[in-house]
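*Asks:* First the structure, then my questions, so here it is.
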Amino acid sequence: MDNDNRLKIYVETYGCQMNLADTEIVLGIMNKSGYSPTQIIDDADVVLLNTCSVREHAEEKIHQRLGIIKKQKLNKPNLVVGVLGCMAERLRANLLEKRKVDIVVGPDEYRKLPELLDGALAGTQGIGVRLSRTETYDDITPFRTEGISAWLSVMRGCDKFCTFCIVPFTRGRERSRKLGSVVREVEQLVEKGFREVTLLGQNVNSYRDEKYDFADLLAAVANVDTRLRVGFTTSHPQDLSDKLIDTIASRDNLCKYIHLPVQSGSDRVLGAMNRTYTRGHYLGLVRKIRSRISNVALSTDIIAGFPTETDDEHKETLSLMEEVRYDGAYMFKYSPREGTPAYKLGDDISEEVKAGRLSEIISLQQRISYDVNQTTIGKVVEVMIDGTSKKSDLQLSGRTDTNKTVVFPVGSYKSGDVVKVKIDKATSATLFGEVVTSLN
Ligand code: 5AD
Ligand code: SF4
């Protein structure tokens with residue numbers, strides 16, 4: 001688009017998949033109001049960072065990046081630099097005053113962007129950080145760049161108030177899109193050639209549109225096209241209903257993969273985290289899922305070193321991991337977030353102890369993932385192709401509907417094709433094999 005004289009906008013995204021989906025909404029809004037999205041930062045007239053506040057480390061990295069981007073203003077004085085997302089919501093006018101950015105816009109005020117950018121281009125700083133009980137961007141068409149897999153936010157916010165988590169404060173109360181509008185968007189994605197959609201929400205199982213719950217939504221989306229692969233994330237154990245489990249089991253095109261954050265294996269710590277379930281309840285849920293959905297894959301989130309966590313309580317987390325045998329896990333050191341209830345407990349676990357516990361958790365999970373993946377050797381799995389492998393142009397890479405990455409030799413297939421691959425080797429992160437038949 002060389003002869004495109006519209007102003008160019010570049011958005012850099014940090015954090016969770018909800019932010020990736022929000023960036024597409026932001027670009028959808030800006031594209032409609034006359035801006036041209038670009039992937040090349042040096043070409044941009046407007047640079048926005050869509051940010052994450054979930055841990056301090058995430059914020060530090062973004063602050064550093066902001067410093068580098070702001071330096072570009074020396075050569076390009078008219079460049080507009082802005083902060084979107086959770087950090088915008090958390091730090092608010094501070095970012096205008098201390099970091100001297102041009103605009104600060106929280107997750108529920110993206111409709112104000114065109115107006116705020118008009119102001120910024122004329123030299124006026126702007127801010128929009130009000131949270132909403134109703135905003136779902138239901139009518140906005142996201143600007144999507146990728147052609148095979150699409151993210152789709154179906155609900156926003158979180159009402160769970162886990163004591164460590166900043167999200168209920170930065171993303172506000174739970175609210176859901178209309179089922180009909182989600183289904184229409186999925187129909188359009190299928191027409192455009194998308195082969196996979198992932199329904200997103202911070203707490204996606206709490207989805208509700210009047211009489212419809214999340215299981216109804218998932219079934220409706222799966223029915224759009226039985227060849228469309230449909231996944232979802234993230235699930236809170238409290239809201240994972242029997243109806244949802246049965247819905248996943250009943251349809252071939254619903255991914256057999258559930259991300260089910262446990263956070264800790266100790267009942268006392270779970271209580272202090274306000275997770276609303278016990279270890280026993282969680283393990284019962286895992287047994288139920290496994291008995292009803294054959295070959296389901298499970299992953300989790302774990303926090304090491306929550307305030308007051310004892311060594312024995314940490315060991316309970318390790319023993320829960322052994323018991324569940326997760327396919328994968330996202331593992332973090334506890335990071336105190338000002339304004340959350342846990343912040344008041346202090347941060348009494350030393351950095352050294354936290355790091356030690358985290359490394360035990362990571363090595364255990366690596367061993368479990370390795371062992372679980374060895375059990376796929378000799379089996380034939382269905383793989384949707386993403387593209388060439390990161391490590392070699394002679395290899396293709398794709399994913400199973402259990403979210404496992406599979407690498408195999410190049411053939412005459414294209415992204416989005418589904419092939420059957422016989423697995424002959426596996427590491428903790430990747431399966432390797434040869435195509436036995438193509439399904440397309
Ligand atoms: N410190 C460490 N990890 C956190 N998470 C959320 N808040 C914090 C925090 N303050 C983790 C949880 C959550 C994931 C998205 O991030 O495990 O499930
Ligand atoms: Fe944060 Fe808990 Fe909500 Fe997840 S469920 S976003 S961890 S408050």
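The values are calculated or read from the model by the stated rules, or taken from the named source; none is laboratory data. For clarity, every value in this text was computed on a predicted model and none was experimentally measured. All Cβ positions, even for glycine, are placed from backbone atoms using ideal geometry, and neighbour counts span all protein chains on display. Protein only, heavy atoms only, side chains kept; ligands, DNA and RNA dropped before computing areas. Shrake-Rupley method; radii C 1.70, N 1.55, O 1.52, S 1.80 Å.
*Asks:* With the structure loaded, tell me whether GLU360 is without any contact (Cβ under 8 Å) to a residue 60 or more places away in the chain, touching a helix residue (DSSP H, G or I) at 6+ places or on another chain (Cβ under 8 Å) and open to solvent by 50 Å² or more (accessible area, probe 1.4 Å) or whether it fails that test.
*Replies:* Answer is yes for this residue.
*Asks:* Going through the stretch 160-174 one residue at a time, which ones are open to solvent by 10 Å² or more (accessible area, probe 1.4 Å), more than 8 Å from ligand 2 (Cβ to nearest atom) and not charged (D, E, K, R)?
*Replies:* THR163, PHE169
*Asks:* Here's something else I'd like to know. Which condition does SER389 not pass, out of (1) modelled with pLDDT under 95; (2) surrounded by fewer than 19 Cβ atoms within 10 Å (Cβ to Cβ), if it passes all the others?
*Replies:* Failing condition for SER389: (2).
*Asks:* Looking at ILE258, ILE289, ILE293, ILE303 in this structure, which one is under 23 Å from ASN205 (Cα atoms) and touching a Phe, Trp or Tyr at 6+ places or on another chain (Cβ under 6 Å)?
*Replies:* Going through ILE258, ILE289, ILE293, ILE303 in turn, just one is under 23 Å from ASN205 (Cα atoms) and touching a Phe, Trp or Tyr at 6+ places or on another chain (Cβ under 6 Å): ILE303.
*Asks:* Count, please, the residues in the stretch 87-106 that happen to be open to solvent by 10 Å² or more (accessible area, probe 1.4 Å) and in contact with a helix residue (DSSP H, G or I) (Cβ under 9 Å, 6 or more places away or on another chain).
*Replies:* Number of matching residues: 6.
*Asks:* Right, another one. Limited to the stretch 138-159, what total is found for residues that are crowded, with 18+ Cβ neighbours inside 10 Å and either within 16 Å of ligand 2 (Cβ to nearest atom) or among the acidic types (Asp, Glu) (or both)?
*Replies:* Looking only at that region, the number is 6.
*Asks:* Next question, about the same structure. Can you tell me how many residues in the stretch 312-335 are away from ligand 2 (no atom under 16 Å from the Cβ) and in contact with a Phe, Trp or Tyr (Cβ under 9 Å, 6 or more places away or on another chain)?
*Replies:* Adding up the residues that qualify gives 4.
*Asks:* Another question, then. Output the number of the condition that GLN365 fails; it satisfies all remaining conditions of (1) surrounded by fewer than 20 Cβ atoms within 10 Å (Cβ to Cβ); (2) more than 16 Å from ligand 2 (Cβ to nearest atom).
*Replies:* (1)
*Asks:* So, in the stretch 153-191, how many residues would count as being within 16 Å of ligand 1 (Cβ to nearest atom) and in a strand (DSSP E or B)?
*Replies:* Matching residues across the stretch 153-191 total 3.
*Asks:* Just one of (1) within 16 Å of ligand 1 (Cβ to nearest atom); (2) not in a loop (DSSP other than H, G, I, E, B) trips up GLU309, so point out which.
*Replies:* So the condition that GLU309 fails would be (2).
*Asks:* Are any of the residues in the stretch 107-118 open to solvent by 10 Å² or more (accessible area, probe 1.4 Å), among the hydroxyl-bearing types (Ser, Thr, Tyr) and outside any loop (DSSP other than H, G, I, E, B)?
*Replies:* No, the stretch 107-118 contains no residue that is open to solvent by 10 Å² or more (accessible area, probe 1.4 Å), among the hydroxyl-bearing types (Ser, Thr, Tyr) and outside any loop (DSSP other than H, G, I, E, B).
*Asks:* Quick check on this structure: which one of LYS420, LYS354 is open to solvent by 50 Å² or more (accessible area, probe 1.4 Å) and either touching a Ser or Thr at 6+ places or on another chain (Cβ under 9 Å) or under 30 Å from THR317 (Cβ atoms) (or both)?
*Replies:* LYS420
*Asks:* Follow-up. Name the helices (runs of 4 or more DSSP H) wholly within the stretch 211-305 that hold at least 1 residues that are surrounded by 15 or more Cβ atoms within 10 Å (Cβ to Cβ), over 24 Å from the mean Cα position of the chain (by Cα) and modelled with pLDDT of 95 or more?
*Replies:* 267-272, 279-292
*Asks:* Could you check how many residues of the stretch 376-415 are assigned to a strand (DSSP E or B) and at positive phi?
*Replies:* 1
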